[in-house]
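S.K.: If you scroll down you'll find the structure; I have some questions about it.
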Amino acid sequence: MLIVEVFSPTTRRRDATYKKELYAAAGIPDYWMIDPERQTLAVARPGEAARAVAGTVVWRPAQASEPLTIELLELFR
């Protein structure tokens, strides 16, 4: 499973803290946090600190035949 959250100015803090913890506790393996204002993407996984992604982000779920690949420059155009 993958959850992608697009931050808004009014929910940024809640999305990056409360929701990150909520999704980890629910066993969601990947939580992507997109900040359109700062043009950043961070990936959070249970038990790990969120990490910023630059360039290309790739999601490879075990059951998929092909990975999802997104060029961040294209995302923020």
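Computed from the coordinates by the stated procedures, all read-outs in this text should not be read as laboratory data. Predicted, not measured: the structure shown is a model, and the values here were computed from it. Cβ placement follows ideal geometry from the backbone for every residue including glycine, while neighbour counts extend to all protein chains displayed.
S.K.: May I ask what percent, to the nearest 5, of DSSP beta bridges between residues of the chain are antiparallel?
M.R.: Working: 12 of 17 bridges.
Of those bridges, close to 70 percent are antiparallel.
S.K.: With every atom except the alpha carbons ignored, what do you get for Rg and Dmax of the chain, in angstroms?
M.R.: Taking only Cα atoms of the chain, I get Rg and Dmax of 12.5, 37 Å.
S.K.: Quick one: Karplus J couplings for the range 52-69, per residue in order, coefficients 6.51, -1.76, 1.60, θ = phi - 60°, nearest Hz, x for Gly and Pro?
M.R.: Taking θ as phi minus 60°, the curve returns 6, 10, 10, x, 10, 10, 10, 10, 10, x, 4, 7, 7, 7, 9, x, 8, 10 Hz for the range 52-69.
S.K.: Treating only the Cβ atoms of Lys and Arg (+1) and Asp and Glu (-1) as charged, compute the dipole magnitude of the chain about its Cα centre; round to the nearest 20 debye. Don't skip to the answer; put the middle values down first.
M.R.: Numbers: 10 positive and 10 negative charges, 50 e Å.
It comes to approximately 240 debye.
S.K.: Here's a follow-up. So what's the back-of-envelope 222 nm ellipticity for the chain, counting only DSSP H runs of four-plus at -39500 (n - 2.57) apiece and dividing by all residues, rounded to 500?
M.R.: On the way: 2 runs with 10 residues, N = 77.
For the chain, the value works out to -2500 deg cm²/dmol.
S.K.: Moving to a separate point now. Starting with the highest mean, order 59-70, 10-21, 44-55, 25-36 by the number of other Cβ atoms within 10 Å, averaged over the residues of each peptide.
M.R.: 25-36, 10-21, 44-55, 59-70
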